[in-house]
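As structure tokens, the structure follows; a few thoughts come after it.
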Amino acid sequence: MSDKNVTLVTGAGGFIGGWLAETLYLKGGTQVRAGVHSWPGATRPARFPMDIVLCDMMNLQQVNQSMDGVKCVIHCARGADHEIAQGARNLLEAASRHGVERFVHVSTTEVFGNQTGKIDDTFPCQSMGDPYGDGKIEAEEICREYNRKGLPVVIIRPPIVYGPFSKIFTVNIASKLMSGNWGLYQGVADGICNLVYASDLVSGIIQASKCKAAIGETFILNGHELITWNQYFQKFNNALGLPELKVFKSETLKLTTTIKEPIRSIMKYMRYRFEHQLKSIAAKQRQARQIMKFVENRMKTTPRVHDLHLFGRQVTYQDDKARDILGYQPTVTLEEGLRLSAHWLEQVGLVNSLQTTRSDYPKVELISNPL
Amino acid sequence: MSNVIPKSNPVSNSTPRIAIIGCGAITQSYYLPALARNPAVLINTTLVDNEETQLQKLAQSYKVKRTCKDYRQILDEVDGVILALPTALHSSIGVECLSRGIHVLCEKPLAENAVKARLMVEAAKKSGALLAANYLGRITPHFLQVRQFLAEQSFGRLLSINYMVGEVFNWPTISGFYFKDDKSSRGILRDRGAHVVDHICWWLGGKPRLISSVNDSFGGSEAVAEVNFEYQGCAGQIRLNWFVDIPSRFIVECEQATIEGEVYDYHRLWIKKSGRTSEIQLKSVTKTQIDIADKIITNFLDGIRYGEQPIIPGEDVLNSIEFVDECYQNATRFNMPWYSFAEVQNV
């Protein structure tokens, strides 16, 4: 038994990594080292007086330095899609050389691709040609390779994770709901939304980092209850205290979403190619600025084709193995998770932000400023 | 002090010799692009940083010939310095320069607390050197216009100020000093809040009385903060966050009208009066942050050359620094029920 007691959390500036670093710090019992890709990512862990280090998983020097005295690595960093596999390899290699006693790799249920039905950890991975999912599949393979070499590795597959600090499934969904453009999508968003609240997931990951029987295993960690995506939108909308959601029919939605897709692609290209020119036009012309804002807002607050696929997927990720082996037991109900999410959104100012009083611009006055 | 050449008097019409001490993100993205508009000054500029790679990178990009790793080596050779260092270093190096009669343009915040800021102001007074502060919001057209409306009481008595800034922190800090225990002078309130509190003190013409200060720090640099204040019957609230992008704006309510502005839309204000909203477009040559930097630097160089007073003298920002100090001294932690561990109570 070594006297090392440092837990390195990679991606500690991110959503899950941030939750892990904070939880480990608050619970005590281990010295937390928060690894961040670059300094701006330290915003969240730096609220705690914890050890923060630069740990870009593609930077071998930083990876090696981060491993000094580390007993356990919890790898939450994502990086660019094309870096997922190599980044995991770099960390696993360094962990092996430093005699790390446990390596927990946070993967995703996206490795199952588009498979439907009740899926557990015995199901094979399915490549969808999506760089993120494929990167995660390859990273899992590398984890197993290092486990065979003697590094004690555990793989965790979370589904949809929500809660305070979540950009994708909390901030973005709240913004869409608040826009008034989002709604309930009959016959489209009736797929299963496998939601797990952040602190439940983190508890499971910590259990996996300690449980001896977990070594070499892969675990799905799902949430407290199963609901559809439409139910998620409805319940989140209620938690935010917003007006009733509009109901969209599937035929119309599919058509408008398909029509909008090429517009999205053109906008993305224009933004990438002519960002400077567009900004310049927007700065000079009020109407152009308003049109750009309107179109951008519409695109952000209406579903994409990719979203429709996700919202319609009839799949349930089974976490019985985690419950049996790890003693995993999610405790946060959806109602409670959404209440906490809404509270956080209010605290950061997304909900109850300063509302503008201007709805029209009847009069324009010019004032020359000496500067 | 016998061999010190006081530089408090104008140095003649020749091009001032300046040094930029600190070659991090602010020098790279703000000071050097602005200085590049004035090649005669740039050629006489020395870049100083103890991080050699970054130093050489910037020197090559901007064709600056003189570089130095230790600022002490160039103090006899310059008329003025731009301090673009981690905040905790402003005061000690600033006082050293000012005491030697070297003019100082200091990046915001002027210092990590009011005591240290005052040392700089005193050193400047004693030597006669200029101490200018880069609080750029003071020369953006819309903030200036609000100040003018309030000073002239254009819409009657001031009733309230609400100011909200929310942006995911993405400043490309190279040293990461914001987040390092030994170098940080704390989080968003000291950094982004330095501008916000300065605008408010400047608009009010004095330091407000703190009502409450809450943030999310567990002993480190806070990323979310809320401050409530009062000043001569005007109630105010500041809300800041580094986690979520939200529309950053201010609403200034007066007896006869409400003034609204977007923090990053320098040339427009909206006035709501008698149920109607009108847009004011502000004509100004100041369009970008580099234009602002250019003005601040030109003013600093004119101060060195012709004795012109700084647009933003260091002394003028003491109120805001004192107020931020009070916010920290009286801060309590937000109720954050998502940290539902018993251990939280002990942190």
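Inside region B:269-289, can you point out the residues that are among the aliphatic types (A, V, I, L, M) and at pLDDT 90 or above? If the condition is that a residue be among the aliphatic types (A, V, I, L, M) and at pLDDT 90 or above, then B:LEU269, B:ILE271, B:ILE280, B:LEU282 are the ones that fit. Examine region B:295-308 for a residue that is assigned to a helix (DSSP H, G or I), within 10 Å of another protein chain (Cβ to nearest Cβ), surrounded by 16 or more Cβ atoms within 10 Å (Cβ to Cβ) and out of contact with any His (no Cβ under 8 Å at 6 or more places or on another chain), and state whether such a residue exists. Among the residues of region B:295-308, at least one is assigned to a helix (DSSP H, G or I), within 10 Å of another protein chain (Cβ to nearest Cβ), surrounded by 16 or more Cβ atoms within 10 Å (Cβ to Cβ) and out of contact with any His (no Cβ under 8 Å at 6 or more places or on another chain), which makes the answer yes.
Can you tell me which residue within region B:161-182, out of those that are more than 18 Å from the chain's Cα centre (by Cα) and more than 7 Å from chain A (Cβ to nearest Cβ), is surrounded by the fewest Cβ atoms within 10 Å (Cβ to Cβ)? Result: B:ASP182.
I'd like to check something: does region A:133-154 contain any residue that is among the polar types (S, T, N, Q) and touching a His at 6+ places or on another chain (Cβ under 8 Å)?
Looking for residues that are among the polar types (S, T, N, Q) and touching a His at 6+ places or on another chain (Cβ under 8 Å), one finds none in region A:133-154, hence no.
Which members of region B:273-289 meet the condition of being under 22 Å from the mean Cα position of the chain (by Cα) and assigned to a strand (DSSP E or B)? Residues satisfying the conditions do not exist here. Between B:GLU255, B:GLU260, the distinction of being touching a Phe, Trp or Tyr at 6+ places or on another chain (Cβ under 8 Å), surrounded by 18 or more Cβ atoms within 10 Å (Cβ to Cβ) and over 30 Å from A:ARG44 (Cβ atoms) belongs to B:GLU260 only. Give region A:41-91 a look and list any residue that's assigned to a strand (DSSP E or B), buried (at least 24 other Cβ atoms within 10 Å of the Cβ) and out of contact with any Leu (no Cβ under 7 Å at 6 or more places or on another chain), or say none. Across region A:41-91, the qualifying residue is only A:ILE52. Within region B:217-240, restricting attention to residues that are within 7 Å of chain A (Cβ to nearest Cβ) and in contact with an Asp or Glu (Cβ under 8 Å, 6 or more places away or on another chain), the residue that is farthest from A:LYS167 (Cα to Cα) is B:GLY220. For region B:1-105, no helices (runs of 4 or more DSSP H) sit wholly inside it while including 3 or more residues that are surrounded by fewer than 19 Cβ atoms within 10 Å (Cβ to Cβ), acidic (Asp, Glu) and at pLDDT below 95. The residues in region B:183-216 that are small (Gly, Ala, Ser) and at the interface with chain A (Cβ under 8 Å from one of its Cβ atoms) can be counted, and the count is 2.
Do we find a residue being within 9 Å of chain A (Cβ to nearest Cβ) and surrounded by fewer than 23 Cβ atoms within 10 Å (Cβ to Cβ) anywhere in region B:152-160?
Checking region B:152-160: not a single residue is within 9 Å of chain A (Cβ to nearest Cβ) and surrounded by fewer than 23 Cβ atoms within 10 Å (Cβ to Cβ).
Out of curiosity, is B:SER175 closer than 17 Å to B:CYS201 by Cβ and not in a helix (DSSP H, G or I)? The answer is no for B:SER175.
Report yes if some residue within region B:280-291 is of a type in the set (A, V, I, L, M), touching a helix residue (DSSP H, G or I) at 6+ places or on another chain (Cβ under 9 Å) and more than 7 Å from chain A (Cβ to nearest Cβ); otherwise report no. Taking every residue of region B:280-291 in turn, at least one turns out to be of a type in the set (A, V, I, L, M), touching a helix residue (DSSP H, G or I) at 6+ places or on another chain (Cβ under 9 Å) and more than 7 Å from chain A (Cβ to nearest Cβ).
To keep it simple, each residue is scored yes or no on (1) within 17 Å of the chain's Cα centre (by Cα); (2) over 30 Å from B:VAL41 (Cβ atoms); (3) not hydroxyl-bearing (Ser, Thr, Tyr).
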residue	(1), (2), (3)
B:SER221	no, yes, no
B:PHE250	no, yes, yes
B:ALA257	no, yes, yes
B:ILE271	no, yes, yes
B:ASP291	yes, no, yes
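Residues in region A:306-339 that are touching a strand residue (DSSP E or B) at 6+ places or on another chain (Cβ under 9 Å), part of a loop (DSSP other than H, G, I, E, B) and surrounded by fewer than 21 Cβ atoms within 10 Å (Cβ to Cβ): A:ARG313, A:GLN314, A:GLN318, A:THR331, A:THR333.
The values are calculated or read from the model by the stated rules, or taken from the named source; none is laboratory data. Here the structure is a predicted model, which means the values were calculated and not measured. Methodologically, a virtual Cβ is constructed for each residue, glycine included, from the backbone with ideal geometry; neighbour enumeration extends over all protein chains shown.
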